[in-house]
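Undergrad: Right, I'll just put the structure down here and ask away after.
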Amino acid sequence: MLHDKRVYVIIGAAGSGKRMAAPLPKQFLKIGDKTILETTVEKFASLSIIDQIVIVTAEEYQTFCCQFFHEQIAAGRFHVICGGQERQDSIYRAVGYLESIGAEHDSLVLIHDGVRPYVSGDLIKEVTERAAAEGAAIAAIPPKDTIRHMDEGTLDRSRLWCVQTPQGFRFSILKEAYEQAFHDGFYGTDDAGLVERIGRAISIVAGENTNIKITTPEDLTVEQRIGTGFDVHRLTENRKLILGGVEIPFEKGLLGHSDADVLLHALMDAMLGAAALGDIGKLFPDSDDSYKDISSLKLLEKTGQAVAAAGYSLGNADVTLICQRPRLAGYIDEMRGNIAQVLNVSVDKVSIKATTTEKLGFTGRGEGIAAEAVCLLTR
């Protein structure tokens, strides 16, 4: 509550997000470990002034949406309802729902886009305070660019505002504005526009440049993680030498439980490390006979699937093979192709280099082969 007035929040999340060109509506895409919608809702839920939150979503996603908030729904603080054809229809339904759960004429209502996850608690509180004092308030920022009207030419930028959400209203004002708009068959672009139609002034609160509305893929914050991997295998007789999934003609091969592909093992450890999923020993223990002599390309495929399930994709990988002999330059392109195919990435995202230790150490003496890898994962 704020000044003994109950504060309700309406989160609009019924849009289809066609401009995002994603398999799900954009509010259900992830930022880090949580959906955009969850991140947005949590900004309001974390504030003590907020009493109830109503999330408006499309009918076909209502059950899907509820799974993210089932505990709060069970506790009675969150509500998920179906939206309408247009945004204005959806918010009008939410206004009616608020009345059914006890909103009074002097209650405060905040309306916020479900795909504005970067809003700050300070901005939410400021809009709420201003709405309580003046009846209607919106967050807005001055435009950075010069704006030109197709008929009137260049507009005076000092008199223009880029409107954001949240927008806050006294419940009686918001209800009257929506009822009048639907009586007149009028559809506006935002809630403040409907309130202005009934003669109410709108107070402007300084918004935040970071409070963007996620509309296109470029608006999403990309998480990037770096992983490193290192592996060594002993050279021995009566074993095939497999590197990068390629069989290399040589008098010795690498010793190991699987095919001992040291290159792929280093790469897998780098990928698993970047995603904080452990290492290949954890995923593919040598105590499991099902991995005996298995192709490491198959293990790489499983690693790629595990990384993808965690929400990551390979940005690029750089692997260095360390051995005195055999010479590997002629096989590197095939190795890169194998890795790219298994991980379903373009070959230009995979780099492989081979070097020697100038006959120093165990690799220089031909006792074994080492590999180190670095990779970048994006989410």
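Undergrad: Per residue, how big is the convex hull of region 272-379 when only Cα atoms are used? Give it in Å³. Could the numbers behind the result be given before it?
TA: Numbers: hull volume 12.7 nm³, N = 108.
Dividing the Cα hull volume of region 272-379 by its residues yields 118 Å³.
Undergrad: What trypsin sites (Lys or Arg not before Pro) in region 141-236 are in a loop by DSSP, with at most 16 other Cβ atoms within 10 Å of the Cβ?
TA: Values: sites: Lys144, Arg148, Arg157, Arg159, Arg170, Lys175, Arg197, Arg200, Lys213, Arg225, Arg234; in loops: Lys144, Arg200, Lys213.
Counting only loop positions with at most 16 other Cβ atoms within 10 Å, the trypsin sites (Lys or Arg not before Pro) in region 141-236 are Lys144, Lys213.
Undergrad: In terms of modelled amide H atoms, which long-range or inter-chain residues lie less than 5 Å from the amide H of Ser203?
TA: Ala136, Ala137, Ile138
Undergrad: Something else about it: Can you work out ³J(HN,Hα) from phi for every residue in region 60-70, in order, using Karplus 6.51 cos²θ - 1.76 cosθ + 1.60 and θ = phi - 60°, giving whole Hz and x for Gly and Pro?
TA: 6, 10, 5, 5, 4, 5, 4, 5, 7, 10, 4
Undergrad: How are the C-alpha pair distances of region 201-263 spread across 10 Å bins, as whole percents from the shortest bin up?
TA: 17, 24, 12, 11, 13, 11, 7, 4, 1
Undergrad: Cα extents of region 66-201 along the three principal axes, largest first, in whole Å?
TA: Largest first, region 66-201 extends 53, 35, 32 Å along its Cα principal axes.
Undergrad: Still on this structure, I have one more. Rounded to whole Å and ordered largest first, report the semi-axes of the equivalent ellipsoid of region 333-379 derived from its Cα gyration tensor (root of 5λ).
TA: Details: eigenvalues 155, 29, 14 Å².
Computed over region 333-379, the values are 28, 12, 8 Å.
Undergrad: Using the alpha-carbon atoms, what tilt in degrees (0 to 90, nearest 10) does helix 332-343 show relative to the longest principal axis of the chain?
TA: For helix 332-343, the angle is close to 40 degrees.
Undergrad: For region 155-285, what size does the Cα cloud have along each of its three principal axes, sorted from largest down, in whole Å?
TA: That gives 90, 33, 22 Å along the principal axes, largest extent first.
Undergrad: What is region 101-140 by shape, rounded, prolate or oblate, if you read a ≥ b ≥ c off the alpha carbon gyration tensor as root eigenvalues and call it rounded for a/c under 1.5, prolate for a/b larger than b/c, and oblate otherwise? List each step's numbers first, then the result.
TA: Values: a/c = 2.38, a/b = 1.43, b/c = 1.66.
Verdict is oblate for region 101-140.
Undergrad: Is region 1-156 best put as rounded, prolate or oblate by its Cα gyration tensor, with a ≥ b ≥ c the root eigenvalues, rounded for a/c under 1.5, and otherwise prolate when a/b is larger than b/c, oblate when not? Please report the intermediate quantities before stating the final value.
TA: Numbers: a/c = 1.66, a/b = 1.14, b/c = 1.45.
Taking the square roots of the gyration eigenvalues as a ≥ b ≥ c, region 1-156 is oblate.
Undergrad: Set the Förster radius R0 to 30 Å, insert the Cβ-Cβ distance between Met1 and Asp33 as r into 1/(1 + (r/R0)^6), and round the FRET efficiency to 0.05. Each step should come with its number before you reach the end.
TA: Details: r = 31 Å, r/R0 = 1.04.
According to the calculation, E is roughly 0.45.
Undergrad: Please report the Cα spread of the chain along all three principal axes, rounded to whole Å, starting with the longest.
TA: 89, 53, 34
Undergrad: Same structure again: Check Val9: other-chain or 5+ apart residues with amide H under 5 Å from its amide H, H built from backbone geometry?
TA: Gln52, Ile53, Val54, Leu110
Undergrad: Go through region 313-320 residue by residue and turn each phi into a ³J(HN,Hα) via Karplus (6.51, -1.76, 1.60, θ = phi - 60°); whole Hz please, and just put x for glycine and proline.
TA: Per-residue couplings from phi come out as 10, 6, x, 6, 9, 10, 10, 10 Hz.
Undergrad: I'd like to know which of Phe68, Gln324, Ser295 lies farthest towards the positive end of the charge dipole of the chain, counting +1 on Cβ of Lys and Arg and -1 on Cβ of Asp and Glu.
TA: The residue sitting farthest along the positive end of the dipole is Gln324.
Undergrad: If you place +1 on the Cβ of every Lys and Arg and -1 on the Cβ of every Asp and Glu, how big does the dipole about the Cα centre of region 1-125 come out, in debye to the nearest 20?
TA: Rounded to the nearest 20 debye, it is 420 debye.
Undergrad: Averaging over every viewing direction, what projected area does the convex hull of the Cα atoms of region 73-125 cover, in nm²? Could you put the intermediate results ahead of the total?
TA: Numbers: hull surface 19.5 nm².
Taking a quarter of the hull surface, the average projection is 4.9 nm².
Undergrad: How big is the dipole moment of region 190-270 about its Cα centre under a simple scheme where the beta carbon of each Lys and Arg is +1, that of each Asp and Glu is -1, and everything else is neutral? Debye, nearest 20, please.
TA: It comes to approximately 100 debye.
Undergrad: Let a ≥ b ≥ c be the square roots of the eigenvalues of the Cα gyration tensor of region 123-209; is it rounded (a/c under 1.5), or, if not, prolate (a/b larger than b/c) or oblate?
TA: Details: a/c = 2.68, a/b = 1.27, b/c = 2.11.
Oblate, because a/c is 1.5 or more while a/b does not exceed b/c.
Undergrad: Return one number: the angle in degrees, 0 to 90 and rounded to the nearest 10, between the long axis of the Cα atoms of helix 87-100 and the longest principal axis of the Cα atoms of the chain.
TA: Tilt relative to the chain: about 70 degrees.
Undergrad: Now, a different point. Between Glu218 and Ser203, 0.36 nm times their residue separation minus their Cα-Cα distance comes to what?
TA: Details: separation 15, 0.36 × 15 = 5.40 nm, distance 3.12 nm.
Difference between extended and current length: 2.3 nm.
Undergrad: While we're here: Would you mind checking the tilt of helix 171-184 against the longest principal axis of the Cα atoms of the chain, expressed as 0 to 90 degrees and rounded to 10?
TA: With both axes taken from Cα atoms, the answer is about 80 degrees.
Undergrad: How long is the gain from Thr146 to Ser313 if the chain were fully straight, where each residue apart is worth 0.36 nm and the alpha carbon distance is subtracted? Before the final figure, lay out the partial values.
TA: Details: separation 167, 0.36 × 167 = 60.12 nm, distance 3.86 nm.
Difference between extended and current length: 56.3 nm.
Read the figures in this text as sums done on the coordinates, not as results from a lab. Worth saying up front: this structure is predicted, and the values here are computed from it rather than measured. Ideal geometry is used to build each Cβ from the backbone, glycine not excepted, and the neighbour counts take in all protein chains shown.
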